[in-house]
Structures are given as C-alpha cells and as structure tokens.
Amino acid sequence: QVQVVESGGGLVQAGGSLRLSCAASGIMFRINAMGWYRQAPGKQRELVATITSGGSTNYADSVKGRFTISRDNAKNTVSLQMNSLKPEDTAVYYCKTVVGPVDYWGQGTQVIVSS
C-alpha cells in the first residue's frame, strides 16, 4: 500500500525558515515526479514546486528565490526548504508523488507564518 507522509510544518514568524519533508513508501515502480502543493483557507489548492526524477524543477512565481525543492530518488523522499517566509505562505502543504498515471497525496502539514 502506497503511503505519502509529510512532516516539518509549524508556526514561524515572517522572515523565518521551515523545511518540509515527504517520504513515499510502498512504491513498486519508478516515481516520475514529486511535488509540493498548498491550500490556504478559502482558496484552491495550488502548485508550489515540483521536481522530476531527473532533477528538473518548477516553481510558482510567488515562491521563486525563496523556496528550494530537492529529492532523493533512492529514498523516495522530497524536501522543500522555505526561506523568507511571508504571512501569505500560510497554508496546508501537501506532497504529491506521481507514479505512472496515478497521483498519490499525503495528508498535509500545516504551515503558519505570523506577521
């Protein structure tokens, strides 16, 4: 059974940093891409950053220069280093793992940035 588990959320002051981690287990095939998405209260879920198995990355304009995504293919893990956090980064952050045509989502981890 595939499991995707996030960790590392919490409360931080504006300007601070947090590192999110995600581990996927029970994967029997190669993971195509991994990524982070977020959903703020009253808003739709949006892409934050993605990374392919080859290391190609894609970032939302709102986080470029502040967030860095990385992954360990051997361990099926992906991380998101978040610096210079802003109150508008407050959201539940979700990890997505893509295996073939199937998306696997974690349960999310809360990030709160106080002003």
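Could you list all residues from segment 97-115 that are aliphatic (A, V, I, L, M) and touching a helix residue (DSSP H, G or I) at 6+ places or on another chain (Cβ under 8 Å)? Let's see the steps before the verdict.
In the first step, residues of segment 97-115 are kept if they are aliphatic (A, V, I, L, M); the result is 98-99, 102, 111-113.
Result: Val111, Val113.
Within segment 59-74, being surrounded by 14 or more Cβ atoms within 10 Å (Cβ to Cβ) and either in contact with a His (Cβ under 6 Å, 6 or more places away or on another chain) or assigned to a strand (DSSP E or B) (or both) holds for Tyr59, Phe67, Thr68, Ile69, Ser70, Arg71.
Say whether the condition of being closer than 23 Å to Ser115 by Cα and in contact (Cβ under 8 Å) with a residue 40 or more places away in the chain is met by at least one residue in segment 61-80. Write out each step before concluding.
Here is the first cut: in segment 61-80, the residues closer than 23 Å to Ser115 by Cα are 61-68, 80.
Still in the list and also in contact (Cβ under 8 Å) with a residue 40 or more places away in the chain: 80.
Yes, segment 61-80 contains a residue that is closer than 23 Å to Ser115 by Cα and in contact (Cβ under 8 Å) with a residue 40 or more places away in the chain.
Pairs meeting the criteria (first residue in segment 39-55 and more than 16 Å from Phe67 (Cβ to Cβ) and among the polar types (S, T, N, Q), second residue part of a loop (DSSP other than H, G, I, E, B) and open to solvent by less than 50 Å² (accessible area, probe 1.4 Å), beta carbons under 7 Å, at least 6 apart or on different chains) are Ser53/Ile31.
The values are calculated or read from the model by the stated rules, or taken from the named source; none is laboratory data. None of the values given here were measured: they were computed from a predicted structure. Backbone-built Cβ (ideal geometry, glycine too); neighbour counts: all protein chains shown. Accessible surface is based on the protein model in full, side chains and every heavy atom, while ligands, DNA and RNA are left aside. Shrake-Rupley method; radii C 1.70, N 1.55, O 1.52, S 1.80 Å.
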